[in-house]
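As structure tokens, the structure follows; a few thoughts come after it.
The values are calculated or read from the model by the stated rules, or taken from the named source; none is laboratory data. Predicted, not measured: the structure shown is a model, and the values here were computed from it. Cβ atoms come from the backbone with ideal geometry, glycine included; neighbour counts cover every protein chain shown. Side chains included, ligands, DNA and RNA excluded: accessible areas come from the protein's heavy atoms. Shrake-Rupley method; radii C 1.70, N 1.55, O 1.52, S 1.80 Å.
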Amino acid sequence: MASGKKDIRALTKEQLRDFFVEQGDKAFRGNQVYEWLWQKAAHTFDDMTNISKETRQMLEDNFVINHIKVDNMQRSKDGTIKNAVRLHDGLIVESVLIPTATRTTACVSSQVGCSLDCKFCATARLKRMRNLNPDEIYDQVVAIDNESRLYHNRPLSNIVFMGMGEPLMNYNNVLKAIDKITSDEGLGMSPKRITVSTSGVPKMIKKMADDAVKFNLAVSLHSAIDEVRTSIMPFNETFPLEDLREALEYWYAKTKRKISYEYVVWKGINDTQKDIDAFVKFCKYVPCKVNIIEYNPIDDGEFQQATNDALEQYISTLEKNRIVVNVRRSRGKDIDAACGQLANKS
Ligand code: SF4
């Protein structure tokens, strides 16, 4: 949309109130419009039924609402839903609804493509095109919440930033989106139900701790041996495990909140006893829990899920060391909605 008009959702509530005062109206009108934009997720100015027609026209003349559009929704046999979401400039990102017996989780994207280049990840092949704006992240959550109510008869219960992109490389916008999601003027969700999953950017983990964020932190670790991690996550060369460890210790000292490690075990890559021992050692630095995630091959390449024996060996060694470990079976495989599979294929 090349109208030259400003996206109204880039304005803060204060700016919106000031705008109305400049127009000779009451500041309170700004509150009403703000509520329509965020709490009621209005798609057009005409949706704002308690605002006069003249005022709606005036808004229309000055602003646009750059709303996302769910271009394509796919439903998996297991209830998982994948949205291909078209942004105002035509770019596409994906988000996923994952239902289980007790919760409904939205997995949302934070960038178009990704700044990083993890070798096992389909998104990495897209390269980073741009960061998502706070409203584009917020809209993905609203769309999934609506689908959750429609298809699963319950509201969304959890959010993970584990879709396309590295959220800490778009930190300010992710934070602004979470502010809106958790605010009573937005969706009013508890930050305890939100997890930001990073591949591990040490200085940003420290910044999150300094900013006293209230949401949870997950780290996609996949290996606690530098050479192995660098071979599958090349940015580890710049941010080695020692720096990551120091940042995680800093996080825990400041927040007193456990970290989740996301971990995939691949055949011939990180499935030996040496890999397991290094991981257990790393887990002892900071209180944590572990999610072992089933891998979904993105092609016939070098990354294949490890054998059950290797997985069992990981699980039993972690448990022997009193580390809480969950195994996450992947969902939505039939629609390429599983972890690491988001690549705008549909
Ligand atoms: S795994 Fe995450 S951080 Fe790594 S390339 Fe994929 S989207 Fe980016």
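How many percent of the accessible area of the range 153-217 is carbon or sulfur, using a 1.4 Å probe? Walk me through the intermediate numbers first.
Values: 1220 of 2540 Å².
That share works out to 48 percent.
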Cα-derived Rg to Rh of the chain, Kirkwood definition: 1.01
Computed accessible area, K203, all protein chains, 1.4 angstrom probe, square angstrom: 150
Whole-Hz ³J(HN,Hα) from phi, Karplus 6.51 cos²θ - 1.76 cosθ + 1.60, for the range 77-84, glycine and proline x: 4, 8, x, 5, 10, 10, 9, 8
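With a 1.4 Å probe and every protein chain left in place, work out the accessible area per residue of the chain in Å², rounded to a whole number. The partial results should precede the final answer.
Numbers: 15760 Å² over 346 residues.
That works out to 46 Å² per residue.
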Degrees separating the helix 134-152 axis from the principal Cα axis of the chain, which is the longest one: 80
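Based on the Kirkwood radius over alpha-carbon pairs, what is the Stokes-Einstein translational diffusion coefficient of the range 164-203 at 10 °C with 1.306 mPa s viscosity, in µm²/s? Let's see the in-between values first.
Numbers: Rh = 10.9 Å.
Roughly 145 µm²/s, to the nearest whole number.
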Most mobile listed residue (V21, V264, V219) in the chain, GNM with C-alpha springs under 10 Å: V21
Using alpha-carbon coordinates, inclination of helix 53-62 to the longest axis of the chain, degrees: 60
Amide proton proximity set for D117, modelled H, under 5 Å, gap of 5+: F235
Estimated dipole of the range 32-135 in Debye, rounded to 20 [Cβ of Lys and Arg +1, of Asp and Glu -1, Cα centre]: 660
Distant-in-sequence amide H partners of T104 (H built 1.01 Å from N, under 5 Å): S157, N158
For T195, residues with placed amide H under 5 Å, excluding near neighbours: I159, V160, F161, N216
R257-N50 FRET efficiency (beta carbon distance; Förster radius 41 Å; 0.05 resolution): 0.50
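Give me the one-decimal Kirkwood hydrodynamic radius in Å for the range 195-270, with the sum taken over alpha-carbon pairs. Working shown, then result.
Working: mean 1/r = 0.0787 Å⁻¹.
Final number for the Kirkwood radius of the range 195-270 is 12.7 Å.
Sort W36, W251 by accessible area with a 1.4 Å probe, largest first.
W36, W251
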Förster radius 45 Å - calculated FRET efficiency between T12 and D309 (Cβ-Cβ, nearest 0.05): 0.25
Nearest-20 debye value, the range 1-72 charge dipole, Cβ charges on Lys, Arg, Asp, Glu: 120
Accessible area (Å², 1.4 Å probe, nearest 10) - Y252: 60
Compactness of the range 1-153, expressed as Rg and Dmax over alpha-carbon positions, Å: 17.9, 56
Debye-sum result for the range 191-346 in log10 I(q)/I(0), which assumes one identical scatterer on each alpha carbon, at q = 0.15, 0.16 Å⁻¹: -0.83, -0.94
Distance between modelled label sites at S316 and E22, nm, 7 Å Cα→Cβ extension: 6.9
Hydrodynamic radius of the range 261-337 per Kirkwood, over alpha carbon pairs, in Å: 13.1
Simple label model, 7 Å out from Cα along Cβ direction - D78 to Y285, nm: 3.1
Principal-axis tilt of helix 241-255 within the chain, Cα atoms, nearest 10 degrees: 60
Of G165, V96, Y151, farthest towards positive along the dipole that unit charges on Lys, Arg, Asp, Glu beta carbons give the chain: Y151
E249 - accessible surface, heavy atoms, 1.4 Å probe, Å² rounded to 10: 70
Karplus-derived HN-Hα couplings along the range 312-322 (A = 6.51, B = -1.76, C = 1.60, θ = phi - 60°), whole Hz, x at Gly and Pro: 4, 5, 4, 4, 5, 5, 4, 5, 4, 8, 6
In sequence order, calculated HN-Hα J values of the range 201-210 (Karplus, 6.51, -1.76, 1.60; Hz; x Gly/Pro): 10, x, 5, 6, 5, 5, 5, 4, 5, 5
